[in-house]
């Protein structure tokens, strides 16, 4: 599995729509390591939380969740400048091998303030029509388990944070 892009909308300290390229290149060659730097409280850990939330929903072990219920965590994650009817959204695009072919997936989780749960869509990119299409079977599986895509231990192992 390789993460390609993370899109945040009104999530944590990120107001509006923010798109983060997770497959940067230098001189046409992919860069194997991505570093996020910034001041304390700048949103570095929030990026990792967004990836965890996209993949695992209510099972995500996010840094600011603590003992909050999932619905309380979702409400806490809404940017404070978000208009009342605007949604909060986390999208993660990644590639993984499916049926011996490299396939792109997009996980979309969105909610509005005071929602008790999020909405989930899992999309697969079709090269035939050059567009995303919803896979309802995978989406249904994704609401019940975190195993369709990757295991929690791998994400924890590869996403390190250090505060000093």
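Read-outs throughout are calculated quantities, based only on the coordinates presented, and are distinct from any laboratory measurement. Keep in mind the model is a prediction, meaning the values are calculated, not measured.
Relative contact order of the stretch 1-112: what whole-number percent is it, with Cα pairs under 8 angstrom and at least 6 residues apart? Before the final figure, lay out the partial values.
Details: 174 pairs, mean separation 38.5, N = 112.
Over the stretch 1-112, the number comes to 34 percent.
Taking Cα atoms of the stretch 1-107, Rg/Rh with Kirkwood Rh, to two decimals? If you can, show how the numbers build up before the last one.
On the way: Rg = 15.1 Å, Rh = 15.1 Å.
For the stretch 1-107, the value is 1.00.
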